[in-house]
Amino acid sequence: MTGITVGYDGSHNAQQALEWAMREAAIRHAPLTVLTVHPVAASGWTGNPILLPEDHPAVEEARQAAMDAIGKAAAELGETDTIPVTVRAVSGIPAQELVSASAGADLLVVGAREHTGISHRFLDSVSMAMLQHAHCPVAVIRPAGSAGPRPSHHTEPSSWITA
């Protein structure tokens, strides 16, 4: 078993996805990888990310934010300190990095962005890309109050989608 990978971008929805993933990792006795991506522009010629040395401080800030979020979630959830958690912080294109990470995961977890009006029925582009291109099952954790089924073993108010 290679474990669970969760995408974390510092948003409220990403925090909910992180908490869900930590609970799931504890239930499965699986290692958890928290992937945080400092987004960069893509080359117009190749589509590859444009990586610059100046991005390094932002990557380290993203790593620290993810570590702080893990600490907050662990404190709120209680007995999750038995699962190994690794933080991986990179510069890149978030959807591409998550798809790549999914190749080595048993489950990929992402948070869905909130939408209003007619668009509230649709997933954001990163969540949709994961459902279409990930190499493993995907759990999309929707914002609290969203319509949808909930797993019986989770008590948080967010709903989820799996594919």
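Here are some notes:
- Counted by Cβ distance under 14 Å from residue 30, the other residues give a net charge of 0, where Lys and Arg count +1 and Asp and Glu count -1.
- Relative to the current alpha-carbon distance between residue 60 and residue 42, full extension at 0.36 nm per residue lengthens the span by 4.4 nm.
- Here each label is just a point 7 Å from Cα along the line to Cβ, and for residue 128 and residue 2 those points are 2.6 nm apart.
- Inter-label distance, residue 77 to residue 11: 2.0 nm, where each label sits 7 Å from its Cα along the C-beta direction.
- Cα gyration tensor shape for region 25-108, rounded if a/c is under 1.5, else prolate or oblate: oblate
- Length released on extending from residue 68 to residue 106, taking residue separation times 0.36 nm less the Cα-Cα span: 11.2 nm
- Net charge over other residues, Cβ less than 12 angstrom from the Cβ of residue 39 (K, R count +1; D, E count -1): -3
Here, each number is a calculation from the coordinates, and none is a lab measurement. Predicted model, so just to flag it, every value in this text is computed and none were measured. All Cβ positions, even for glycine, are placed from backbone atoms using ideal geometry, and neighbour counts span all protein chains on display.
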